Amino acid sequence: MKVVYLGTDAMFPCFFYLLSQHEVMAVYTCGNKEDYFRDVTITKMAKEAGIPVHRETIDEAAERDYISKGCEIFISADYGRRIPVISEKEGFYGINIHTSLLPIGRSYCPVECSLESRQEKMGVTIHKLVYEFDRGDILSQKEFPLWEGCDSIDLYLKCGYVAREMLQDIMKDFREAWLKAESQREKGSYWKLQKFTEARLGHDMNLDEAFDIYRIYNRMTRVKLGEDVYFVLCLEKGYVPIDDDFIVLGKIVLYRLKDGHVRLILEKTEHPKEVWESKDYPFKFQH
């Protein structure tokens, strides 16, 4: 099938499958500095295959143009922007891959929300694109239990591989899957991060507290060094106490905690005040 893919590296197994088994006409992507999975891999692969890559938000005119050139389906996978939904009579067929068991867990970041709220199970839902986020009829859904010690990166990877299997089944006979989609009859729920203010490292923390924050929020975890604010790209435990608040060793920063230190790889934010003080996610300056 001819498809337009809208997403990031968070669902790279799905993109690999589409690239190998279908004709990807174009890629639309977006990514923020604090995202663990950005768009580096799919952008590289798309360009190597001669597929146009766009970072602007797709609009109705572009959708109609793709449809006129044979596009059969628009596939959204961790694409954090609103996609225009035009009439099915005009040939628009669009699906979204969402990382929760809809109608439970409508959210911008359901993976992190599921860990924050200590859910016992997780899953992937593939549903029709409609104007309202995460409310379209469900084509496929699969759940799996959360396991002890898993982090948000584990969950993104797990969801990506599960989604690829689901997408492969749907694409065997897409028209049939589309016609058999079931509406989300239950009211469901919207998840929002409730403890995002805690996603900040501080010297009064112990190692387990700091590690648990990073386990849930990954690169959304923030730390302040002097007046500068950074996203935490990587965190490792260190058990020997250090005297200074932090020590810079090339690309590695040792950050003092109550019972040791953490070894950090950081990325500086261009909006220190807004990032540090934000009580909500996504950050307002990005959207």
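The values are calculated or read from the model by the stated rules, or taken from the named source; none is laboratory data. Keep in mind it's a predicted model, so treat the numbers as computed, not measured. Because the Cβ atoms are built from the backbone with ideal geometry, glycine has one as well, and the counts that use them run over all protein chains shown.
Things to note:
- Scanning the stretch 30-63 for residues being touching a Ser or Thr at 6+ places or on another chain (Cβ under 6 Å) and at pLDDT 95 or above gives a total of 1.
- Single unsatisfied condition, K128 versus (1) touching a helix residue (DSSP H, G or I) at 6+ places or on another chain (Cβ under 7 Å); (2) within 18 Å of A177 (Cβ to Cβ): (1)
- Residue in the stretch 203-217 that is touching a Gly at 6+ places or on another chain (Cβ under 7 Å) and surrounded by 15 or more Cβ atoms within 10 Å (Cβ to Cβ) present: yes
- Checking V232, V240, V223 one by one, the residue that is free of Cβ contacts under 8 Å to residues at least 40 places away in the same chain and out of contact with any helix residue (DSSP H, G or I) (no Cβ under 8 Å at 6 or more places or on another chain) is V240 and no other.
- Members of the stretch 58-87 found to be assigned to a helix (DSSP H, G or I) and touching a helix residue (DSSP H, G or I) at 6+ places or on another chain (Cβ under 9 Å), listed by number: E63, R64, I67
- A count restricted to the stretch 135-146 and to residues that are among the hydrophobic types (A, V, I, L, M, F, W, C) and either touching a residue at least 40 places away in the same chain (Cβ under 8 Å) or not assigned by TED's automatic domain parsing to the domain that holds A10 (or both) stands at 2.
- Here K224 does not qualify as in a strand (DSSP E or B), among the basic types (K, R), more than 22 Å from H271 (Cα to Cα) and outside the structural domain of C14 (by TED's automatic domain parsing).
- For the residues E132, E112, the requirement of being of a type in the set (D, E, K, R) and outside any helix (DSSP H, G or I) singles out E132.
- Taking the stretch 4-38 as the range and being within 16 Å of I83 (Cα to Cα), surrounded by 22 or more Cβ atoms within 10 Å (Cβ to Cβ) and either among the aromatic types (F, W, Y) or in contact with a strand residue (DSSP E or B) (Cβ under 6 Å, 6 or more places away or on another chain) (or both) as the test, the residues that pass are V4, Y5, L6, G7, V27, Y28.
- Inclusion of V275 among residues that are in a strand (DSSP E or B) and either surrounded by 15 or more Cβ atoms within 10 Å (Cβ to Cβ) or touching a helix residue (DSSP H, G or I) at 6+ places or on another chain (Cβ under 7 Å) (or both) is not warranted.
- Yes/no for D59 being closer than 20 Å to V27 by Cβ and under 25 Å from the mean Cα position of the chain (by Cα): yes
- Failed criterion for I213 (all others in (1) among the hydrophobic types (A, V, I, L, M, F, W, C); (2) closer than 21 Å to L101 by Cα; (3) in a helix (DSSP H, G or I); (4) in contact with a Lys or Arg (Cβ under 9 Å, 6 or more places away or on another chain) hold): (2)
- Beta carbons closer than 7 Å, at least 6 apart along the sequence or on distinct chains, pair a first residue in the stretch 40-54 that is in the same structural domain as Y79 (by TED's automatic domain parsing) and in contact (Cβ under 8 Å) with a residue 12 or more places away in the chain with a second that is of a type in the set (D, E) and surrounded by 12 or more Cβ atoms within 10 Å (Cβ to Cβ) for V40/D9; T41/D9; I42/D9.
- The residues on offer are E186, E236, and the sole one that is farther than 30 Å from S76 by Cα, loosely packed, with under 15 Cβ neighbours inside 10 Å and not assigned by TED's automatic domain parsing to the domain that holds F37 is E236.
- Exactly one residue out of G149, G160 is modelled with pLDDT of 95 or more, assigned by TED's automatic domain parsing to the domain that holds I104 and among the small types (G, A, S): that is G160.
- Odd one out for E176 among (1) surrounded by fewer than 19 Cβ atoms within 10 Å (Cβ to Cβ); (2) in contact (Cβ under 8 Å) with a residue 40 or more places away in the chain: (2)
- Annotation note: of V253, V229, the sole residue that is of a type in the set (A, V, I, L, M) and under 25 Å from the mean Cα position of the chain (by Cα) is V229.
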